[in-house]
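Student: One structure, as structure tokens, below. Some questions next.
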2 protein chains.
Amino acid sequence: MPENSQQCSHCKNKLCMHKVPIFNNLNHEDMFKIAELIQHKNYKKGESIFSQGDNLDSIVIINEGSAKAYKYTQEGREQILYLFSEGDFFGEQYLLSKRTATYTVQTLEAVKVCTLSKEHFQKLLLQYPDMGIKIIEELGTRMFRLEHVMESMGVRNIDLRIHSLLLDYSAKYGKKVAEGVLLQLPLSREGIANYLGVARETVSRKLSQLENDGIIRSVSNKSILILNEVALEE
Amino acid sequence: MPENSQQCSHCKNKLCMHKVPIFNNLNHEDMFKIAELIQHKNYKKGESIFSQGDNLDSIVIINEGSAKAYKYTQEGREQILYLFSEGDFFGEQYLLSKRTATYTVQTLEAVKVCTLSKEHFQKLLLQYPDMGIKIIEELGTRMFRLEHVMESMGVRNIDLRIHSLLLDYSAKYGKKVAEGVLLQLPLSREGIANYLGVARETVSRKLSQLENDGIIRSVSNKSILILNEVALEE
DNA sequence: GATTATTAGTGACTGTAATCACATATTTTT
DNA sequence: AAAAATATGTGATTACAGTCACTAATAATC
């Protein structure tokens, strides 16, 4: 059934496009046209979508799942820069300039993505100036995130840094339950350490300390219950 | 003399516009039109162009001089995020979103800027899609810088961090002389410390150490001679 | 379901940078 | 040019996070 398959592909594409802020201002007709240009790919947990040094030829939009973006420091430690999830896009920096990828993006779970080739992307930007504005806006948000991370990396007191991380995650991933806020950590202890730029052992110790103080409760490796959110805010 | 004053204003505006990559793709006629929309302002050393929390209504382009962008960490320390100089622009993130300024921009010397109002900027973006692409490109560069800083902040070894800073400055501000590379530091010791996220005393000590090792020579507070660049690269 | 691999917690020890305190230089102001 | 303000260098001490080494727990694989 050609109609069915076409409808299905259309439907799948629409799904992807509707999740992404940069396509929001488009009308039905334009969306349909652009949907035709989009390719789909799936990744297993732990696979790299692209690696530091790669030459990219498309912009990638996450449709399902999450991924970490990291680069290696001079010491050889993995420094996590971003966590990307549903609706986030990346690779746009490499489409316009000649730069190769400055970081590696690796999935944290099974991930579905939509990709749009460099040529199509550039044509779209010229055709829909609104989209360019949306992207500038989105990049503003991304920079805001990065500046926030930098600010917190500049904090010398590691307790403060872990507290802000927990509060950030609480806002993003937390669900209110009777006893407090239950949150599903997107990263392992090592991941958290690589995000904060501290040793894995330090993260373990600080979390143990918080548990001793009755501020959090460790539910499982990847899940924490925040009992006293106010204490984290100081 | 109206012609003269007009020519002069035109000339001044042209100066400003020619320094800025985002206006580079425009033809003469368009440049002339846009030049009319640009306002000029001067700042003394130490003045703030805008402050964390301000509501901005224009994009600012530096025409002459330099400035630092910083925000305060939770501990009350000043964390420097960027150094802006001739040709750099900022404030574009706040024009499209409702966000207020997330950092303060303070001049490091006398500074001349050109400003373009929010309304004009948005109209230009819709009118010249090329310009949007230029800005996306430029933001990509800015993010690249920030990611680089983050990476280096994640380095635990402070010697390494100071070494990279000196190498960065050497590339940006250094001039080759007989004995090595002479560089005019854009920041004081305290500024360097606030950029690296370490104590002022630590910067002093590390630089003294480098001087004892014969790798650098302190010429004056704001000027350093790098004698052995290779040693800094390890 | 057993085995292997990965991830996490904890003690002991060490190194390094922060802090405090002050002397000295340098820059700015008057 | 003198005075005031600011910036820098350095010693002594302390605190705190890193490293190493190991055990325990959890997840992945066969």
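Student: Suppose the filter is modelled with pLDDT under 90 and charged (D, E, K, R); does B:Glu47 pass it?
Tutor: Values: modelled with pLDDT under 90: no; charged (D, E, K, R): yes.
No: the conditions fail for B:Glu47.
Student: For A:Glu201, are the conditions met, namely being out of contact with any helix residue (DSSP H, G or I) (no Cβ under 7 Å at 6 or more places or on another chain), free of Cβ contacts under 8 Å to residues at least 24 places away in the same chain and crowded, with 19+ Cβ neighbours inside 10 Å?
Tutor: Numbers: out of contact with any helix residue (DSSP H, G or I) (no Cβ under 7 Å at 6 or more places or on another chain): yes; free of Cβ contacts under 8 Å to residues at least 24 places away in the same chain: yes; crowded, with 19+ Cβ neighbours inside 10 Å: no.
No, not satisfied.
Matching residues to (1) under 19 Å from B:Tyr195 (Cα atoms); (2) within 16 Å of DNA strand C (Cβ to nearest atom); (3) not in a helix (DSSP H, G or I):
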| site | (1), (2), (3) |
| --- | --- |
| B:Asp54 | no, no, yes |
| B:Val60 | no, no, yes |
| B:Tyr70 | yes, no, yes |
| B:Gly87 | no, no, yes |
| B:Tyr94 | no, no, no |
| B:Thr102 | yes, no, yes |
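Student: Just name the residue that is surrounded by the fewest Cβ atoms within 10 Å (Cβ to Cβ) out of those in segment A:116-169 that are small (Gly, Ala, Ser) and modelled with pLDDT of 85 or more. Lay out the reasoning, then the answer.
Tutor: If we filter segment A:116-169 for residues that are small (Gly, Ala, Ser), which is where we start, we get A:117, A:132, A:140, A:152, A:154, A:164.
Pick out the ones that are also modelled with pLDDT of 85 or more and you get A:117, A:132, A:140, A:164.
Numbers: A:Ser117: 15, A:Gly132: 24, A:Gly140: 19, A:Ser164: 19.
Looking at the filtered set, the residue picked out is A:Ser117.
Student: Filter segment A:21-47 down to residues that are within 21 Å of the chain's Cα centre (by Cα) and more than 16 Å from DNA strand D (Cβ to nearest atom), then give me how many there are. Spell out the reasoning first.
Tutor: Initially, segment A:21-47 is screened for residues within 21 Å of the chain's Cα centre (by Cα), giving A:21-24, A:38-47.
Next cut, more than 16 Å from DNA strand D (Cβ to nearest atom) only: A:21-24, A:38-42.
Residues that pass the stated criteria total 9.
Student: Of B:Gly197, B:Gly154, which residue is within 11 Å of DNA strand C (Cβ to nearest atom), among the small types (Gly, Ala, Ser) and closer than 24 Å to A:Ile80 by Cα? Before you say what the answer is, go through the steps one by one.
Tutor: Numbers: B:Gly154 fails: within 11 Å of DNA strand C (Cβ to nearest atom).
Sole residue among the options that is within 11 Å of DNA strand C (Cβ to nearest atom), among the small types (Gly, Ala, Ser) and closer than 24 Å to A:Ile80 by Cα: B:Gly197.
Student: Of all residues in segment A:95-131 being closer than 22 Å to A:Gln79 by Cα and not aliphatic (A, V, I, L, M), which is farthest from the other protein chains (Cβ to nearest Cβ)?
Tutor: Per the criteria, the residue is A:Glu109.
Student: In segment B:209-224, is there at least one residue being more than 12 Å from DNA strand D (Cβ to nearest atom), within 14 Å of chain A (Cβ to nearest Cβ) and free of Cβ contacts under 8 Å to residues at least 40 places away in the same chain? Show your work before the answer.
Tutor: Our first condition is that a residue be more than 12 Å from DNA strand D (Cβ to nearest atom); within segment B:209-224, this holds for B:213-215.
Now narrow it down to the ones that are within 14 Å of chain A (Cβ to nearest Cβ): none.
No: zero hits.
Student: Restricting attention to segment A:136-189, which residues are within 16 Å of DNA strand D (Cβ to nearest atom), of a type in the set (S, T, N, Q) and more than 9 Å from chain B (Cβ to nearest Cβ)?
Tutor: Scanning segment A:136-189 gives A:Gln184, A:Ser188.
Student: Do we find that A:Leu56 is within 14 Å of chain B (Cβ to nearest Cβ), crowded, with 21+ Cβ neighbours inside 10 Å and touching a helix residue (DSSP H, G or I) at 6+ places or on another chain (Cβ under 8 Å) in this structure? I'd like the intermediate steps shown before the answer.
Tutor: Numbers: within 14 Å of chain B (Cβ to nearest Cβ): yes; crowded, with 21+ Cβ neighbours inside 10 Å: no; touching a helix residue (DSSP H, G or I) at 6+ places or on another chain (Cβ under 8 Å): yes.
Here the answer is no, as A:Leu56 does not meet what is asked.
Student: Right, B:Arg189: in contact with a Lys or Arg (Cβ under 8 Å, 6 or more places away or on another chain), among the basic types (Lys, Arg) and touching a residue at least 24 places away in the same chain (Cβ under 8 Å) or not? Spell out the reasoning first.
Tutor: Details: in contact with a Lys or Arg (Cβ under 8 Å, 6 or more places away or on another chain): yes; among the basic types (Lys, Arg): yes; touching a residue at least 24 places away in the same chain (Cβ under 8 Å): yes.
For B:Arg189, the condition - in contact with a Lys or Arg (Cβ under 8 Å, 6 or more places away or on another chain), among the basic types (Lys, Arg) and touching a residue at least 24 places away in the same chain (Cβ under 8 Å) - is met.
Student: Could I ask something else about it? Quick check on segment A:60-111: of everything there that is surrounded by fewer than 17 Cβ atoms within 10 Å (Cβ to Cβ) and on the phi > 0 side of the Ramachandran plot, which residue is nearest to the chain's Cα centre (by Cα)?
Tutor: Ranking the candidates gives A:Gly87 first.
Student: Checking B:Lys172 against (1) at pLDDT below 95; (2) within 12 Å of DNA strand C (Cβ to nearest atom), only one condition comes out false. Which one?
Tutor: It fails just one condition, (2).
Student: Quick one: how many residues across segment A:225-234 are within 27 Å of the chain's Cα centre (by Cα) and either within 13 Å of DNA strand D (Cβ to nearest atom) or not in a loop (DSSP other than H, G, I, E, B) (or both)?
Tutor: Selection size over segment A:225-234: 5.
The values are calculated or read from the model by the stated rules, or taken from the named source; none is laboratory data. Fair warning: this is a prediction, and the values are worked out from it, not measured in the lab. Don't worry about glycine lacking a Cβ; one is built from the backbone with ideal geometry, like all the others, and counts go over all protein chains shown.
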